[in-house]
Amino acid sequence: MPPVPTILIINGPNLNLLGTREPEHYGRETLADIEAACARRAAALGFGIDFRQSNHEGEIVTWIQEARDRTAALILNAGALTHTSIAILDALRAVDMPVVEVHLSNIHRREPFRHKSFVSLAATGVICGFGGIGYELALEAVALALGRERPA
Ligand code: DQA
């Protein structure tokens, strides 16, 4: 049997605080809740997940670089680094795989500084505004991008 492909899911700064942080924007789900839901959805789609969070830009850049050899696709919520990090953009441009940008909130309904995304310049597609469900939608999008069938 071929090995189960792994999808790397990276969460950026402050996303470790989900559940208590600005629930009017980010809801009441914790990052652990989202990870569990992603693991279930990925298993149904025939994937494994590697779910991570970091508050450090350089660590995220390193994880993206390492993804080149290890993962089939990348789902990224870079938090505030979305709007500032050319280093993350450059790292994304160096990987050749589907990249889905996710945001819990609809960044386009919020402050103007959140409307610009460096991640979008390298992403295959963007999902925002659906809360934690956005991660599961991103897994579905990855499955389609990798040419997998939906489960019956
Ligand atoms: C976020 C939106 C960003 O603007 C913000 O800095 C975050 C979370 C989201 O998931 O909605 O930390 O990426």
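Every read-out reported here was derived from the displayed coordinates using simple, explicitly stated rules and does not represent laboratory data. These figures come from a predicted structure and were not determined experimentally. Cβ: placed from backbone, ideal geometry, glycine included. Neighbour counts: every protein chain shown.
Give segment 96-121 a look and list any residue that's buried (at least 19 other Cβ atoms within 10 Å of the Cβ) and more than 8 Å from the ligand (Cβ to nearest atom), or say none. Talk me through it step by step, then tell me what you get.
Step one: list which residues in segment 96-121 are buried (at least 19 other Cβ atoms within 10 Å of the Cβ), which gives 98-104, 107, 117-119.
Result: 98, 99, 100, 101, 117, 118, 119.
Right, residue 101: in contact with a helix residue (DSSP H, G or I) (Cβ under 7 Å, 6 or more places away or on another chain), of a type in the set (D, E, K, R) and under 22 Å from residue 29 (Cα atoms) or not?
yes
Please specify each residue of segment 132-152 satisfying the condition of being assigned to a loop (DSSP other than H, G, I, E, B) and either in contact with a strand residue (DSSP E or B) (Cβ under 7 Å, 6 or more places away or on another chain) or surrounded by 16 or more Cβ atoms within 10 Å (Cβ to Cβ) (or both).
132, 146, listed by residue number.
Going by the structure shown, is residue 58 part of a loop (DSSP other than H, G, I, E, B) and more than 18 Å from residue 99 (Cα to Cα)?
Values: part of a loop (DSSP other than H, G, I, E, B): no; more than 18 Å from residue 99 (Cα to Cα): yes.
Answer is no for this residue.
Of the residues that make up segment 18-41, is at least one outside any helix (DSSP H, G or I), of a type in the set (A, V, I, L, M), in contact with a Ser or Thr (Cβ under 7 Å, 6 or more places away or on another chain) and buried (at least 21 other Cβ atoms within 10 Å of the Cβ)? Steps first, answer last, please.
Restricting attention to segment 18-41, the residues satisfying the condition of being outside any helix (DSSP H, G or I) are 18-22, 27-30.
Filter once more, so that each one left must be of a type in the set (A, V, I, L, M): 18.
Next, only the ones that are in contact with a Ser or Thr (Cβ under 7 Å, 6 or more places away or on another chain) stay: 18.
Next, from what is left, pick out any that are buried (at least 21 other Cβ atoms within 10 Å of the Cβ): 18.
So far as segment 18-41 goes, yes, one or more of its residues are outside any helix (DSSP H, G or I), of a type in the set (A, V, I, L, M), in contact with a Ser or Thr (Cβ under 7 Å, 6 or more places away or on another chain) and buried (at least 21 other Cβ atoms within 10 Å of the Cβ).
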